[in-house]
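What follows draws every value from the coordinates through simple rules; no lab data is involved. Note that the structure is a prediction, hence the values are computed from the model and not measured. All Cβ positions, even for glycine, are placed from backbone atoms using ideal geometry, and neighbour counts span all protein chains on display.
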Amino acid sequence: MGGPVARLAGVSLPHLDLSRAPHERHGLRRTDEGWLADRWAAPDSRVLVVAGTRIRPGATGPEWAPTSLAPEGTRVFLGERAGVAHWAVIVPGEVAKEEPGAWVPLRGLLPYLAATEGGVAPLLFHAIGIAEWLWATRFCPRCGGPLEVRAAGHELHCTVCGKPQFPRSDPAVIMLVTDGEPGADDERCLLGRNPAWPAGRYSTLAGFCEPGETLEDAVRREVQEETGVLVGEVAYFGNQPWPLPASLMLGFFGRATDATITLEDADVEDARWLTREEMRAEAEDGGLVLPGGVSISRSLIEQWYGGALPGSW
């Protein structure tokens, strides 16, 4: 229902900063124990320690240490970047509890990642995504049996029924809905706010795709459920891994066929239509606080607006 959205020339898409320089994952090597042992022992190999699902950052962000300094824990082979093997070692979450405030969740590192060159985010997202999966998957979903880690941290094998489990990402749609003639001065976009957010904070709408549902229909359903607005045409924009804890955000633009707002969903306290001029003016005076620059939500908004906007979460 509508082709991909053409990206505007000269408009930066902030969420793409988190996907720069993806690492070579070497998925076929995850069961090659000899090769993995050699890469672990290589003097230039690096490891990130994860306590449960938290990281202890240094002064400049995540610390990648030589593997010779790694503690005992579950080894996860992330892959190679620029010929250097990168690993995560996952230790019990109780380690983080011993040093309150020293270990932070992934969300606490997002501002650092936005300002970092060199593809750190894909490695970090990979590490935390696996850690979240291992933390949440304690027993076999089929029979309740104990699970054994295999494939360098990327498979869980049930020791009772033999059923393997693999990491999964939940598809979530995130969308900017527009109303009016595209590009016209009075064209508007729809933003909403959660009741738990600080005053002035608004964002694009989002929600999870349900079984048997296309992504386009998920966009229409979520917008209608959250705001009462009806959406017709839906066009794909882009995607962003978001392991908080296990999502893949799929970005879309939607065109409203009925712009009437009716709030019935408790997750949305308010929803507003904004023209570009209204958005700019309110963002400049601080009355409107938009999503952070690393999120695909920000990219959707600035793609529609046509350039960068001031302020962010």
Volume per residue that the Cα convex hull of segment 32-136 spans, once the total is divided by residue count, Å³: 105
Once the Cα gyration tensor of segment 266-310 is diagonalised, semi-axes √(5λ) in Å: 17, 14, 10
Estimated dipole of the chain in Debye, rounded to 20 [Cβ of Lys and Arg +1, of Asp and Glu -1, Cα centre]: 1300
Ranked packing of 250-258, 208-216, most packed first, by mean Cβ within 10 Å: 250-258, 208-216
Semi-axes of the equivalent ellipsoid for segment 245-292, Cα gyration tensor, largest first, Å: 21, 18, 14
Convex hull volume per residue in cubic angstrom - Cα atoms of the chain: 164
Spherically averaged projected area in nm², based on the convex hull that wraps the Cα atoms of segment 169-305: 7.9
Column: log10 I(q)/I(0), Debye, Cα scatterers of segment 110-233, q = 0.10, 0.17 Å⁻¹: -0.56, -1.04
Cα centroid separation, segment 154-199 to segment 23-66 (Å): 29
Choice from 69, 205, 106 with maximal GNM fluctuation in the chain (Cα, 10 Å cutoff): 69
